[in-house]
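Below is one structure; the comments refer to it alone.
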Amino acid sequence: MLALVRPVSEAMARCELTHVARSPIDVARAVEQHVRYVAVLRSLGCNVVELDAEPDRPDSVFVEDTAVVLDEIAVIARPGALSRRGEVASVARTLAEWRRCVHIEPPGTLDGGDVLRIGRDLYVGCSGRTNHAGIAQLEAAASPFGYRVVRVPVHDCLHLKSAVTCVAPDTLLVNVQWVQRDHWSAMRVIDIAPDEPAAANALPIGGVVIHAASGRRTRERLESAGLSVVSLDVSEIEKAEGGVTCCSVIFQP
Ligand code: CIR
């Protein structure tokens, strides 16, 4: 697997925040946490490609939002937050090495954090960041390759993948306060621990689930379900309303 990442911006303290109250971010600590995150990706067999830092773009570490890489094409996002639109150019240039790039155009907006792929199904969050025009453009780009797009309302959180992620081929980790589980009736569902609302964001790689250390009780649930978990302290990334999926775009080169 190839993992596209970008270093933490020095300006991260000026990040976008929607559902999280602003609290001081220790950028040096965020940098250390990100270095450990990248080391874990490498240890799990990912070939890491690091984009150049974008020091003036506070949220640029959250590369997940900039693109959706399918087997056949890369869909270059058009982030819902105006301050993030400039992040996509360098991602598109880099991804062009591996995929034909299709761009989401105005008035469409789409954040990669809203796209959950399960097989040939793309579940797309109707969130504050991703609009119907953006989803329709994603559908037009992906459906010729046999992908089915399913629109999923989310509320009280930033992205679909704040509320639900796939932790194993047949298993989801879900916060049912933020998304309804009935879109996935055929799958096994693990509920997050109720006092850890942000804990549904998990990143599975090669049979291991990367998960934030702040979700200790949810981690216990994952392990009780037979999953192997690597827990990472991402406290500063969480203060920027990010999680473990947001800091990479992972695909088969
Ligand atoms: C934002 O609001 O855009 C950033 N502060 C956080 C983005 C997190 N990305 C993600 O969950 N995919």
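With the structure loaded, tell me whether ALA163 is in contact with a helix residue (DSSP H, G or I) (Cβ under 9 Å, 6 or more places away or on another chain), open to solvent by 40 Å² or more (accessible area, probe 1.4 Å), under 20 Å from CYS247 (Cα atoms) and of a type in the set (Gly, Ala, Ser) or whether it fails that test. Explain how you work it out, then say what you get.
Values: in contact with a helix residue (DSSP H, G or I) (Cβ under 9 Å, 6 or more places away or on another chain): yes; open to solvent by 40 Å² or more (accessible area, probe 1.4 Å): no; under 20 Å from CYS247 (Cα atoms): yes; of a type in the set (Gly, Ala, Ser): yes.
For ALA163, the condition - in contact with a helix residue (DSSP H, G or I) (Cβ under 9 Å, 6 or more places away or on another chain), open to solvent by 40 Å² or more (accessible area, probe 1.4 Å), under 20 Å from CYS247 (Cα atoms) and of a type in the set (Gly, Ala, Ser) - is not met.
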- Note on the structure: Within the stretch 78-103, of all residues that are within 10 Å of the ligand (Cβ to nearest atom) and assigned to a loop (DSSP other than H, G, I, E, B), the one surrounded by the fewest Cβ atoms within 10 Å (Cβ to Cβ) is ALA81
- Task: For ALA186, indicate whether it is open to solvent by less than 60 Å² (accessible area, probe 1.4 Å) and either over 17 Å from the mean Cα position of the chain (by Cα) or on the phi < 0 side of the Ramachandran plot (or both).
- Result: no
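Given the criterion free of Cβ contacts under 8 Å to residues at least 40 places away in the same chain and under 16 Å from the mean Cα position of the chain (by Cα), identify the matching residue among ALA198, ALA163, ALA240.
ALA163
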- Message: Can you go through GLY125, GLY134 and tell me which one is open to solvent by less than 10 Å² (accessible area, probe 1.4 Å) and assigned to a helix (DSSP H, G or I)?
- Response: GLY134
- Query: Checking GLU236 against (1) in contact with a Leu (Cβ under 9 Å, 6 or more places away or on another chain); (2) at pLDDT 95 or above, which test does it fail?
  - Reply: (1)
- Item | Subset of the stretch 137-155 (residues that are assigned to a loop (DSSP other than H, G, I, E, B) and either small (Gly, Ala, Ser) or more than 19 Å from GLY80 (Cα to Cα) (or both)) | GLY146, TYR147
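Quick check on the stretch 147-162. Is at least one of its residues within 12 Å of the ligand (Cβ to nearest atom), among the hydrophobic types (A, V, I, L, M, F, W, C) and over 18 Å from GLY134 (Cα atoms)?
So far as the stretch 147-162 goes, yes, one or more of its residues are within 12 Å of the ligand (Cβ to nearest atom), among the hydrophobic types (A, V, I, L, M, F, W, C) and over 18 Å from GLY134 (Cα atoms).
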- Query: Considering only residues of the stretch 215-245 that are open to solvent by less than 70 Å² (accessible area, probe 1.4 Å) and out of contact with any strand residue (DSSP E or B) (no Cβ under 9 Å at 6 or more places or on another chain), which is farthest from the ligand (Cβ to nearest atom)?
  - Reply: GLU236
- Query: Can you pull out the residues in the stretch 104-117 that are open to solvent by 30 Å² or more (accessible area, probe 1.4 Å) and either hydrophobic (A, V, I, L, M, F, W, C) or away from the ligand (no atom under 16 Å from the Cβ) (or both)?
  - Reply: GLU105, PRO106, PRO107
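The values are calculated or read from the model by the stated rules, or taken from the named source; none is laboratory data. If you're wondering where the values come from, they're calculated on a predicted model, not measured in any experiment. Using ideal geometry, Cβ is built from the backbone for each residue, glycine included, and neighbour counts are taken over all protein chains shown. Note: areas computed on protein heavy atoms with side chains; ligands, DNA, RNA excluded. Shrake-Rupley method; radii C 1.70, N 1.55, O 1.52, S 1.80 Å.
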